[in-house]
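The values are calculated or read from the model by the stated rules, or taken from the named source; none is laboratory data. All values derive from a computational prediction rather than experimental measurement. Backbone-built Cβ (ideal geometry, glycine too); neighbour counts: all protein chains shown.
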């Protein structure tokens, strides 16, 4: 009976999303056979091993897999690190297409890690950014035996091979101390920003300030010093200790207006966490199957976004055109006084601002921070006969969007012959008894 269940599942190849209960119900419905939970679980596990192989086999195949991926995608940065007795420690993979596309992105990298649910419970590290259409752009992936100082520093050292130091760089993370240390060691020239939501979590748990989160958000998201001071003064009046905590946490890390560098609209680590969520289905796969799942996912993503960029009929991406339409709606109601060729005094609906089109600045702060013309800038440009599209940062253009996804991601070459490959053994098992938790409780 158990053997029939194994053959039935492996023959169909339908193992993704199946649970032992599904196996029980299917066997009873199709063959009239009753199976207990233990037997159905063993049948499902056996079928999974028939299709994907054992976890130990997949660690042993890692050197061959990485070699074949590099052969199929020249310029890919990959690395496999083992300890003195050849046990797996760290793995890094960044496809050439992602590395080439990053030069057309805003230079803000978001890093995050999540635990995998397979037998050896490794940790998946991801480095992502956003393209000009505010879509997630995966840059690099790492798998490490544990999330600590050494693993993050190794991951960052490989990530540096994918990123040039000739331009400014911003790294956003979730306040993990190991990430901070690794960033200071490997990217000392990069600016650091912390995820607002992780700061918010501390506010709720430490200060019981859930009812004040709307005000904290206004402080963090303020575009100019004037608004920042107003909201901070209001917060200090209500809860002085919370205002002190925020200022001691270094306002240059979490406040938009005090940040030293260009962080654009990226304020949280959500883009990296969204990648983790997209890969959640494969978190329990053997390691090489997980890597191939990532490769297939990225291949489809690059094709889709490339075709989407080709279909654009506007100068800028759809997301930017949407914002320009909204800003343009309010710009119609503004009055403009010309100061000189590039400077204008714009009387807005809620505030009056001086706009400097030559240096892409407005007193409201939106134009300078997001590199997209605000309502005041659009009103000034129309009054001066200047094309609004010329004021938008080039990384938001459809040409940059297409160039970011112009390279292909190819499947690995199946045969590897005449190459001396290293040995990779599985790490020590740290898995505790009991059923694995595959999903986090939503906060």
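Looking across segment 269-284, the residues that are over 11 Å from residue 128 (Cβ atoms) and either modelled with pLDDT under 80 or surrounded by fewer than 18 Cβ atoms within 10 Å (Cβ to Cβ) (or both) come down to 277, 280, 281, 282, 283, 284.
For residue 378, the test of being outside any loop (DSSP other than H, G, I, E, B), touching a residue at least 12 places away in the same chain (Cβ under 8 Å) and buried (at least 23 other Cβ atoms within 10 Å of the Cβ) is passed. Going through segment 269-296 one residue at a time, which ones are in contact with a strand residue (DSSP E or B) (Cβ under 8 Å, 6 or more places away or on another chain), closer than 23 Å to residue 410 by Cα and not in a helix (DSSP H, G or I)? Within segment 269-296, 279, 283 qualify. Scanning segment 343-366 for residues that are free of Cβ contacts under 8 Å to residues at least 24 places away in the same chain and touching a strand residue (DSSP E or B) at 6+ places or on another chain (Cβ under 7 Å) yields 343, 345, 347, 352, 353, 354, 356, 362.
Report whether or not residue 208 is at positive phi and without any contact (Cβ under 8 Å) to a residue 24 or more places away in the chain. Yes: the conditions hold for residue 208. Any chance segment 72-81 includes a residue that's touching a strand residue (DSSP E or B) at 6+ places or on another chain (Cβ under 8 Å), buried (at least 22 other Cβ atoms within 10 Å of the Cβ), in contact (Cβ under 8 Å) with a residue 60 or more places away in the chain and not in a helix (DSSP H, G or I)? No, segment 72-81 contains no residue that is touching a strand residue (DSSP E or B) at 6+ places or on another chain (Cβ under 8 Å), buried (at least 22 other Cβ atoms within 10 Å of the Cβ), in contact (Cβ under 8 Å) with a residue 60 or more places away in the chain and not in a helix (DSSP H, G or I). When segment 155-191 is filtered for residues that are crowded, with 17+ Cβ neighbours inside 10 Å and over 19 Å from the mean Cα position of the chain (by Cα), only 186 remains.
Restricting attention to segment 387-415, the residues that are surrounded by fewer than 16 Cβ atoms within 10 Å (Cβ to Cβ) and either within 30 Å of residue 336 (Cα to Cα) or in contact with a strand residue (DSSP E or B) (Cβ under 6 Å, 6 or more places away or on another chain) (or both) add up to 3. When the residues of segment 306-326 are filtered to those that are part of a loop (DSSP other than H, G, I, E, B) and without any contact (Cβ under 8 Å) to a residue 60 or more places away in the chain, the one that is surrounded by the most Cβ atoms within 10 Å (Cβ to Cβ) is 311.
Number of residues in segment 242-260 that are in contact (Cβ under 8 Å) with a residue 40 or more places away in the chain and part of a loop (DSSP other than H, G, I, E, B) equals 5.
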